[in-house]
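*Asks:* First, the structure itself, so that you have it in front of you.
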Amino acid sequence: MTGKAAAGIITLLTDFGSEDVYVGVLKGIIATINPQAQVIDLTHQIPPQNIWAGRFCLMTAVPFFPAGTVHLAVVDPGVGSARRAIAIQIPAGFLVGPDNGLFSGVLSQTPALAAIELNHPTYWRTHTPSFTFHGRDLFAPVAAHLASGTPFLEVGSAIDPASLVTLPDLFFQATNEGVTGVIQAIDRFGNLISTIPAAAVQDRHWSVQIHDQVIPAGQTYGDSTPGEPIALIGSHGWVEVAINQGSAQQHLGCHWGEEIRIVLDCHNQ
Amino acid sequence: MTGKAAAGIITLLTDFGSEDVYVGVLKGIIATINPQAQVIDLTHQIPPQNIWAGRFCLMTAVPFFPAGTVHLAVVDPGVGSARRAIAIQIPAGFLVGPDNGLFSGVLSQTPALAAIELNHPTYWRTHTPSFTFHGRDLFAPVAAHLASGTPFLEVGSAIDPASLVTLPDLFFQATNEGVTGVIQAIDRFGNLISTIPAAAVQDRHWSVQIHDQVIPAGQTYGDSTPGEPIALIGSHGWVEVAINQGSAQQHLGCHWGEEIRIVLDCHNQ
Amino acid sequence: MTGKAAAGIITLLTDFGSEDVYVGVLKGIIATINPQAQVIDLTHQIPPQNIWAGRFCLMTAVPFFPAGTVHLAVVDPGVGSARRAIAIQIPAGFLVGPDNGLFSGVLSQTPALAAIELNHPTYWRTHTPSFTFHGRDLFAPVAAHLASGTPFLEVGSAIDPASLVTLPDLFFQATNEGVTGVIQAIDRFGNLISTIPAAAVQDRHWSVQIHDQVIPAGQTYGDSTPGEPIALIGSHGWVEVAINQGSAQQHLGCHWGEEIRIVLDCHNQ
């Protein structure tokens, strides 16, 4: 473990949207410090200041990037307050951003090897950073330096990974009759992604209950009649509810955080 | 014809939107397999599962890319069903995606030199791909391999190009009085793009009739008074109706698929 | 001063949106001419044909890019009319686009070292460019050539920088009681960005008056109670009004161009 970024890849996840030039400015900063870096957008459409949504998106994207990737994430309602600016080393690379739980999804799936507080102004854009745009003045410069091979422990002071802010783990519970969870995300297609992992239903016959409606399980969208809801293991690895050529969110009138229940059929295992 | 990608460019066109990390994940996969690839987004705002819109966008973008470009397109309502995963070799490069007609617009303008079914799991992300996200597990890996020079016929088994699914060619018809077509696309500016090619009106005096309104022809938006509709040959090469500093869609209340009629003035040729 | 682009970076700012493939086509053209260019999106969500919004976004992004960067901007309601196609050399690089005032914000902060009219078809995509898409046929090719080191004066004929179209400078005025300006931009977070520069309030105690509401000044969003408006020096360097975990635009019902007033407290300097 050298603590150096190998790939030169930096991903960006923010709630900056695409109407303003905030994201472009991050890329200008990165290109100024590290012209070789390859910058990849994860998304900039996190609902403003929604740490939960950012946490979910990061957690589902990080596993698909090469070793050494630097993931820069800025959903930062506490910018300019006492919340720490941090970087975390994980086996697959580095996480850079505010210490507000944004990375706790990733860290529920992979260990934090080390963590630092970003308090070395040498690696900032300016020694007097803006109070409102740490993405530009701290996080992007640090990510650019990490992606060009600056050793992890040079850009900040070591802190105890156990001290990092975490959001509570998302709820799911196995009972005698099945498994209960909540909707943790709804994607563009209106697919309802639950907190129930594939392992909870593996090799069993099962169906989903939501709003008193029973939804049969299948393998892919095409296993249902167009317009009819279907439950399946989504590409993220969680139980999801979808509608072939339609939106389950609209059809079922569901929201983030609503309960979703798996009914396991013991007779048909 | 070596059957190899020269440019190392991969374009992406999907209906994934920008709120989720699906597009970012495709790029992570590509960067893992082929770190040198240059990835260019065409659009990810194809209306969900609208193969017609994807077909139009691909057809209008492909001609502007360098030889050897790999065009990866995923608008895939039939994912996980019997529809084939395919790649097509064209003179300008390669097309990778589902066999559902998405490429039939491009193929109305350029020949398919060869086609393959993507049935060689060696070039997939995993031998047990997800039932719902072939973009991640099949198409992106294959595109990355093609862009790094893997020979076309290695990533799949040859199929007859004549067997590819096509959508019906878009309607336009010449009559004694003029030419009739439909609105095949409406862009961000509210410009109505018809199915009538420039050649149908070349060097003639003409006007457009839509909803009983007669719209005079001009060369550019500024040839009309702001707020007044004008017909012209759009940059795509089709007759379009626009409004200088306004939206023809809103002004005229038009939709995809509506009829549009060219009146040729024979006396003023 | 060699007049050559060093960085090979091209930024794009347009009102093309992300639903169509217009932006992708620009990138295809650039990749065809200059495969080494690194293309960075500033934004493509400028409201259609809103030169003022484009002017603001460019002005706030250009300072964060490395020397030699080519900034290609297309918000072009006069495309195909008599408006000139231009390029401007500034100390930090180059500006390419229509001569309609889009660059006048940048030029209020940095000098035009030289300017040219783009009338050398050798550097266009085609000698017979479209009447409606100069981005594709003129501006992108010229930007690609500049980014690959073609000397500035080769791609057009010198014009007098004093002849460039400018938009009027944005209003702000110091009075006995304080400073008056207008809202010049509203960002995704609903922050109201005024035309009043930080220097106007430096080291003074101050508050903002807008719609008869007095808003106290602070340093960062967290200095106010969630839901309460706060005035501060934004990351752009202008006075802005924000709401901690909310939208000042929605809360205060404000629009572009509305008056905003700084009250300076002389007793508490």
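*Asks:* Quote the convex hull volume per residue of segment C:184-226, based on C-alpha atoms, as a whole number of Å³.
*Replies:* Measuring per residue, one finds 104 Å³ for the Cα hull of segment C:184-226.
*Asks:* Where the label is 7 Å out from Cα toward Cβ, how close does C:Thr110 come to the same position in every other copy, in nm, shortest first?
*Replies:* Counterpart label points of C:Thr110 in the remaining copies fall at 3.7, 3.7 nm.
*Asks:* For segment A:1-91, which semi-axes, largest first and in whole Å, follow from the square roots of 5 times the eigenvalues of its Cα gyration tensor?
*Replies:* That gives 21, 16, 14 Å for the three semi-axes.
*Asks:* Follow-up. If you roll a 1.4 Å probe over segment C:76-214 with all protein chains in place, what percent of the accessible area is carbon or sulfur?
*Replies:* Using a 1.4 Å probe with all protein chains present, segment C:76-214 comes out at 52 percent carbon and sulfur.
*Asks:* Hey, what do the phi angles of segment C:34-50 turn into as Karplus ³J(HN,Hα) couplings, whole Hz, using 6.51/-1.76/1.60 and θ = phi - 60°, x for Gly and Pro?
*Replies:* Once rounded to whole Hz, the list reads 9, x, 7, 4, 9, 9, 10, 7, 7, 6, 10, 9, 4, x, x, 6, 8.
*Asks:* Oh, and also: Write down the Å³ per residue value for the convex hull defined by the alpha carbon atoms of chain C.
*Replies:* In chain C, the Cα convex hull volume per residue is 139 Å³.
*Asks:* Tell me the total accessible area that B and C bury against each other, 1.4 angstrom probe, in square angstrom rounded to 100.
*Replies:* Counting protein atoms only, the buried area is about 2400 Å².
*Asks:* Under the convention of a label 7 Å out along Cα→Cβ, give the distances in nm from C:Asp169 to the same position in every other copy, shortest first.
*Replies:* 6.1, 6.1
*Asks:* Could you give me the ³J(HN,Hα) list for segment C:191-203, computed from phi with Karplus coefficients 6.51, -1.76, 1.60 and θ = phi - 60°, whole Hz, x at Gly and Pro?
*Replies:* Couplings: 6, 9, 9, 8, 8, 8, x, 3, 4, 5, 10, 3, 6 Hz.
*Asks:* Please state the charge dipole magnitude for chain A, taken about the Cα centre, from unit charges on C-beta atoms (+1 on K and R, -1 on D and E), reported in debye and rounded to the nearest 20.
*Replies:* The calculated dipole for chain A is roughly 760 debye.
*Asks:* Taking the Cβ of B:Gly181 as the centre, find all other residues whose Cβ is under 13 Å away and add up their charges (Lys, Arg: +1; Asp, Glu: -1).
*Replies:* -3
*Asks:* Show the residues, 5+ positions off or on another chain, whose built amide H is closer than 5 Å to the amide H of C:Gln49.
*Replies:* C:Asp76
*Asks:* When only Cα pairs under 8 Å and 6 or more residues apart are kept, what is the percent relative contact order across chain A?
*Replies:* 17
*Asks:* When ligands, DNA and RNA are left out and all protein chains stay put, how many square angstrom of accessible area per residue does chain A have with a 1.4 Å probe?
*Replies:* Averaged over the residues of chain A, the accessible area is 38 Å².
*Asks:* Something else about it: Give me Rg/Rg_expected for the protein assembly as shown, where Rg uses Cα atoms only and Rg_expected = 2.2 N^0.38 Å with N residues.
*Replies:* This ratio for the protein assembly as shown stands at 0.98.
*Asks:* For the residue pair B:Gln109 and C:Glu177, what label-to-label distance in nm results when each label sits 7 Å from Cα along the Cα-to-beta-carbon direction?
*Replies:* Output for this residue pair reads 6.1 nm.
*Asks:* Moving on. Between B:Gln36 and C:Ala199, what's the calculated FRET efficiency when r is the beta-carbon distance and R0 is 41 Å? Round to 0.05.
*Replies:* 0.30
*Asks:* Name the chain A residue nearest the rotation axis between A and C, going by Cβ position, and give the distance in whole Å.
*Replies:* A:Ser18, 4
The values are calculated or read from the model by the stated rules, or taken from the named source; none is laboratory data. Note that the structure is a prediction, hence the values are computed from the model and not measured. Neighbour counts are summed over all protein chains in view; Cβ atoms, including those assigned to glycine, are modelled from backbone coordinates with ideal geometry. Heads up: the accessible areas ignore ligands, DNA and RNA and are worked out on the full protein's heavy atoms, side chains in. Shrake-Rupley method; radii C 1.70, N 1.55, O 1.52, S 1.80 Å.
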